[in-house]
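The block underneath contains the structure these notes are about, expressed in structure tokens.
The values are calculated or read from the model by the stated rules, or taken from the named source; none is laboratory data. From a predicted model like this one, the values you see are computed outputs, not experimental measurements. Note: ideal-geometry Cβ built from the backbone for every residue, glycine included; neighbour counts use all protein chains shown.
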Amino acid sequence: MVSGRSCGGFRAYLSQSDSRICGTYGGLDQRANRLDEGEPRSIIGTVVDSTAVLAITSGRSRGIYLVTAKLDSGALDWNVVGEVKESANGEPALIADGDVLTKSSSADDLSYLDEVMRDCASEGPEHD
């Protein structure tokens, strides 16, 4: 899923198994000089009806953020609704907030999503 921002950007790679969501993300600030990449399984959560409730661990700040993602007409209405754990180093997380994410059809994104789906399907801890 890709944000529609003209500068900077945000990509979420999400895998769903039943009501469980797992994935990772990449965020770039508006000046394209700071990057925030999630580690494997940096996004975990659950789906209730058409809304996912997600915990996202920032690779940049190590903070944990609570996000809702509501599916509407094939796009995700993506909102940060809280902070579970403050940033460990004072750095901001570069996680979309108040954006609509749309499905990407780029070959690179689809290939990476396959990798994310394999990571999410394998055994192991979801958070450190």
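Observations on the model:
- Only strands (runs of 3 or more DSSP E) whose full extent lies in segment 20-82 are considered here, and the ones with at least 1 residues that are among the hydroxyl-bearing types (Ser, Thr, Tyr) are 20-28, 43-48, 51-57, 64-72.
- Number of residues in segment 35-49 that are farther than 15 Å from Val84 by Cα and surrounded by 15 or more Cβ atoms within 10 Å (Cβ to Cβ) equals 6.
- Boolean, Val67 is under 19 Å from Cys22 (Cβ atoms), aliphatic (A, V, I, L, M) and surrounded by fewer than 15 Cβ atoms within 10 Å (Cβ to Cβ): no
- One residue stands out in segment 50-64 among those that are under 15 Å from Tyr13 (Cβ atoms) and among the small types (Gly, Ala, Ser): the one that is surrounded by the most Cβ atoms within 10 Å (Cβ to Cβ), namely Ala52.
- Selection from segment 106-118 of residues that are touching a residue at least 40 places away in the same chain (Cβ under 8 Å) and either among the hydrophobic types (A, V, I, L, M, F, W, C) or assigned to a loop (DSSP other than H, G, I, E, B) (or both): Leu113, Val116, Met117
- Segment 1-34 - residue that is of a type in the set (A, V, I, L, M, F, W, C) and either surrounded by 14 or more Cβ atoms within 10 Å (Cβ to Cβ) or modelled with pLDDT of 95 or more (or both) and, of those, farthest from Val116 (Cα to Cα): Leu28
Condition check ((1) assigned to a strand (DSSP E or B); (2) touching a strand residue (DSSP E or B) at 6+ places or on another chain (Cβ under 7 Å); (3) modelled with pLDDT of 95 or more) across all residues:
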{"position": "Ala88", "(1), (2), (3)": "no, no, no"}
{"position": "Ala96", "(1), (2), (3)": "no, yes, no"}
{"position": "Leu101", "(1), (2), (3)": "yes, yes, no"}
{"position": "Ser104", "(1), (2), (3)": "no, yes, no"}
{"position": "Cys120", "(1), (2), (3)": "no, yes, no"}
